[in-house]
Amino acid sequence: MKPLKYIVVRLLGLLLVAAVAQIIHQRWVYPSIKKSEGWLQAMVERRLEKKSNFLYFSASTNTAFAPDDSITLSISDLLQQNIQQAVNVIDTSAIHGGIFLKILQKIPENQFPKTIVMDLNLRSFGANWIHSDLENSLQRNFVYWNERPSLLNHLFAATKWYDYKSPNEHLRAIEYQQKFERLPFNHPTIKKWCDSLFQTVNYSEDGKTMIEHFGFHIQSDNQQLKNFEAIVALAKSHESKLILVLLPENVEKMKLLVDQQLPALIEKNAEFLTNHFKKMGVLVIDLHAKLPKESFFEAFPTEHYNAFGRQIVATAIAGKLPKK
Amino acid sequence: MTFNSIQFLLFLPLVLLLFYALPRKSRWISLLVMSYVFYAGWKVEYLALLLYSTATEFFISNFIYRSKTILKKRIWLAFSLISNFGVLILFKYFHFLIGGSAWFKALANDNESFLYLQFIFEFGIPVGISFYTFQTVSYAIDVYRGRTIPERNFAKFALFVNFFPQLVAGPIERFEHLHPQLFNAPNPTFEIVKKAFRLMLYGFFLKMVIADNFGDIIAPLYLQPKDFDLYSRVIGALLFGFQIYADFFGYTLIAIGVAHLFGVKLQDNFRSPYSSYSLKEFWDRWHISLSTWFRDYIYIPLGGNKTSKGKWIFAIILTFGLSGLWHGASVTFIYWGLFHGIYYLIEQTFFPIPKGKKLSFFEKTVRWSTTFTAVMFGWILFRANQFWVFQEFGSSLGEKSLFDIKYLLLLIPVALFFASEVLFRKSRIDRYLSEKSSFVRWTFYAVFFLCILLFNSRGDMQFIYFQF
């Protein structure tokens, strides 16, 4: 009995310490952690406060403004104007299909939108996006999005109990795609393509960046594709309408910076995605080559549009949504 | 699977359960199997290398032992060294020595197989390879020297190589010390179990609270030192010194604690290194299992200090240079090793501490501060992945500061860390606490436990020594 008593008394002591720690943590430590590392939940909850049938998922595309824009309305603002109904929006940098899916899974049944509009960003299907520096921080957000004692959330984040990859693993995945994944063109890989571009007088760093970020061939085993497939299934299970918006890319500039093959590859990928999701009964708005190069105000990232570009995107989406 | 992961917290009780469910004579088998499972947790492919290393060393060492002539013994030993260091060089130094060179890049551009090799060796350093390679090499040399009788059972030898608590970051154990303990170990007493948990608790505190938070704070400094002011550069250098100590010492304490639970006593790897009065003393107290390895297998065979001045200088420079290179394939590690070597030579030539001499307070102060400064300066080289980062530490000052109001709360665990280091300076935490009353002990536990819960870092820090 003595050892048992010894252990029980001390275990109770530790539990008491944990309980005290939980109170201190919840009150004084956790709020700032949640604000800096678990901000996604607060953002989503805030954005869903407004009653709306529509939920628009985007990345920085939604709110990127050109320095000389006369109209500083986001795509979602313009969309609201067009359909004259409230549109809730979830947008943050580097967000992508995998994160959209996790957010949707967190939305309670009574708040689940009737119509989901989601950016289908071609670039987000490549390793450079999925394995960006921001990925771990985005994934870590979901550890804090749990109704557990705050200490446990904190501990799970510290012990990397989430979809964590080390910086080296992320870099490795990007390098692997660039060096070994086959392209359906004369340039067998991204690396070879960049090397051959380097031999030409047309070589520019922007051109190389374009190849690195768009030079991939989407196939049925693509992880991002699987994320969107899961989103389709989830929307169906909630009887929600899903609209995917294949975002405009600066194909004119790509032709100038690289050659005809990069737009052709983008075309091939866009066609694959459109057909793939159409077959699944999803409405896809294909805008990938709908904007002239003047609508893009940055060399990179390419999915930032000026007021004209944002208006085109918003109008195209609005055309597919019911007006009030 | 790292020690500070949920996976490990689930893995450990499972292994303990399996281990103690078996009859004492068969327990080691569960340890062997689970050690492989532990290692496979990183990458299953790495198991092949570990098995290769184990198999070659097992057979070669037996050949060395059975060889009748010294020539044959030497030939087999050469095979062993080539085999072990060959794998190490290939996986750890190939990219540094060859893979990154212009001619190999050109070759890789024309041939996909070479490109794949380059990729594998650039990104695929198997975790713990330097540790288990050094452990197996010491075994082969000891067999050659006639100090060790080789193990005849392959599986038992495999457990010596891959005993999971010390597999990926040491301590680098010697065969005579570790091997006998792995089989027929007595059940640990209640005192030993308490000791194990004390060590693990303090280890987790050092790693998760001190090392990881310091690592998070200084990460931006080592990306662009030139942007930061003088204060940040000095504090950043000091913080890294304490980060690497807390990281590696923390890991070691957890490893020693875990091993105790299986009735195995691993060797100490640290003894308050920052309290040293000379660099010589520092190396007697820092990463002891590695420094003694270099002493026994490189420095002494080269003549040690019982040879001519010239040979001694050569032995010191080579030993420290290799020690730097052991840490990684980068010139900054070599410079770090050479810096220590040159400092050591100057110190031992002009300012040696005579054996048995009692230092005055003044001497102690001067010696401690110069040694501490030199070690901390060396760490800048160590942490700077590339030489330009180190050079930027000396560039004109920027305006950014490392200080942020959000770090204020961290002063609580940091104060606790320094206080503990002073308290445990002469006696490790487990021994220190075993002499204290139950109230004092449990106050310590509660405070460390509370700190781990409240102040653990959520950043991207991994155990620093896992990359070696």
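The values are calculated or read from the model by the stated rules, or taken from the named source; none is laboratory data. This one's a predicted model, so the numbers in the text were calculated from it and none came from an experiment. As a convention, Cβ positions derive from the backbone with ideal geometry for all residues, glycine included, and neighbour counts pool all protein chains shown.
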What's the number of the only condition in (1) hydrophobic (A, V, I, L, M, F, W, C); (2) surrounded by fewer than 22 Cβ atoms within 10 Å (Cβ to Cβ); (3) within 30 Å of B:P180 (Cβ to Cβ) that B:I235 fails to meet? (3)
Selection count, the range A:10-68, where residues are free of Cβ contacts under 8 Å to residues at least 24 places away in the same chain, within 14 Å of chain B (Cβ to nearest Cβ) and of a type outside the set (A, V, I, L, M): 8
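I'm checking my understanding of the structure. Among residues of the range B:85-118 that are outside any helix (DSSP H, G or I) and polar (S, T, N, Q), which one is farthest from the other protein chains (Cβ to nearest Cβ)?
Step one: list which residues in the range B:85-118 are outside any helix (DSSP H, G or I), which gives B:100-101, B:111.
In the following step, the residues that additionally are polar (S, T, N, Q) were identified as B:101, B:111.
Numbers: B:S101: 17, B:N111: 12 Å.
This residue is B:S101.
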Which count do you get for residues in the range B:326-371 that are under 30 Å from B:Y93 (Cβ atoms) and in contact (Cβ under 8 Å) with a residue 60 or more places away in the chain? 10
Exactly one of B:F403, B:F362 is modelled with pLDDT of 90 or more and of a type in the set (F, W, Y), and that one is B:F362
Which condition from (1) surrounded by 12 or more Cβ atoms within 10 Å (Cβ to Cβ); (2) assigned to a loop (DSSP other than H, G, I, E, B) is the one that B:K358 breaks? (1)
Any residue at all in the range A:185-199 that is among the aromatic types (F, W, Y) and closer than 22 Å to A:S58 by Cα? no
Residue match in the range B:116-126 (condition: over 29 Å from B:R74 (Cβ atoms) and among the hydroxyl-bearing types (S, T, Y)): yes
Hey, can you tell me all the residues within the range B:1-36 that are part of a helix (DSSP H, G or I), under 20 Å from A:K160 (Cα atoms) and in contact (Cβ under 8 Å) with a residue 12 or more places away in the chain? B:Q7, B:F11, B:L12
Across the range A:159-218, the tally of residues that are of a type in the set (S, T, N, Q), surrounded by 18 or more Cβ atoms within 10 Å (Cβ to Cβ) and part of a loop (DSSP other than H, G, I, E, B) stands at 2
Could you give every pair whose Cβ atoms fall below 9 Å, whose first residue belongs to the range B:290-304 and is at pLDDT below 90, and whose second residue is of a type in the set (A, V, I, L, M, F, W, C), counting only separations of at least 6 or pairs across chains? B:G303/B:W312; B:G303/B:F314; B:G303/B:A315; B:G304/B:W312; B:G304/B:A315
Given the criteria of a type in the set (V, I, T), assigned to a helix (DSSP H, G or I) and more than 19 Å from A:A158 (Cβ to Cβ), does B:V209 qualify? no
With the structure loaded, tell me whether B:S396 is away from chain A (no Cβ under 14 Å) and either of a type outside the set (V, I, T) or surrounded by fewer than 15 Cβ atoms within 10 Å (Cβ to Cβ) (or both) or whether it fails that test. yes
Give the residues of the range B:263-288 that are within 23 Å of B:M208 (Cβ to Cβ) and either modelled with pLDDT of 95 or more or not in a helix (DSSP H, G or I) (or both), sorted by residue number. B:L266, B:D268, B:N269, B:F270, B:R271, B:S272, B:W286, B:H287
Among the candidates B:F119, B:F154, B:F123, B:F114, single out the residue that is out of contact with any Asp or Glu (no Cβ under 8 Å at 6 or more places or on another chain) and either closer than 21 Å to B:H327 by Cα or buried (at least 16 other Cβ atoms within 10 Å of the Cβ) (or both). B:F114
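Condition (residue is without any contact (Cβ under 8 Å) to a residue 60 or more places away in the chain, buried (at least 16 other Cβ atoms within 10 Å of the Cβ) and farther than 19 Å from A:V143 by Cα) applied to the range A:97-114: is it met by at least one residue?
no
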When you scan the range B:450-466, do you find a residue that is modelled with pLDDT under 70, within 9 Å of another protein chain (Cβ to nearest Cβ) and closer than 17 Å to B:Y251 by Cα, even just one? yes
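Counting just the residues of the range B:38-50 that are part of a helix (DSSP H, G or I) and touching a helix residue (DSSP H, G or I) at 6+ places or on another chain (Cβ under 8 Å), which one comes out surrounded by the fewest Cβ atoms within 10 Å (Cβ to Cβ)?
At the first step, the residues of the range B:38-50 found to be part of a helix (DSSP H, G or I) are B:38-40, B:46-50.
Going one step further and asking which of them are touching a helix residue (DSSP H, G or I) at 6+ places or on another chain (Cβ under 8 Å), we end up with B:38-40, B:46-47, B:49-50.
Values: B:F38: 21, B:Y39: 24, B:A40: 14, B:Y46: 19, B:L47: 16, B:L49: 20, B:L50: 22.
Across the range B:38-50, the extreme among qualifying residues is B:A40.
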Do we find that A:I90 is out of contact with any His (no Cβ under 6 Å at 6 or more places or on another chain), among the hydrophobic types (A, V, I, L, M, F, W, C), within 21 Å of B:W442 (Cα to Cα) and at pLDDT 90 or above in this structure? no
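Residue-wise test of (1) of a type in the set (A, V, I, L, M, F, W, C); (2) within 30 Å of A:P31 (Cβ to Cβ); (3) touching a strand residue (DSSP E or B) at 6+ places or on another chain (Cβ under 8 Å).
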{"position": "A:R148", "(1), (2), (3)": "no, yes, no"}
{"position": "A:A157", "(1), (2), (3)": "yes, yes, no"}
{"position": "A:K179", "(1), (2), (3)": "no, no, no"}
{"position": "A:K191", "(1), (2), (3)": "no, no, no"}
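Could you tell me which residue of the range A:185-226 is nearest to the chain's Cα centre (by Cα), considering only residues that are of a type in the set (V, I, T) and closer than 30 Å to A:F277 by Cα? Show your work before the answer.
Of the residues in the range A:185-226, the ones of a type in the set (V, I, T) are A:189-190, A:200-201, A:209, A:211, A:218.
Then keep just the ones that are closer than 30 Å to A:F277 by Cα; that gives A:189-190, A:209, A:211, A:218.
Details: A:T189: 25, A:I190: 23, A:T209: 20, A:I211: 20, A:I218: 17 Å.
For the range A:185-226, the residue satisfying everything is A:I218.
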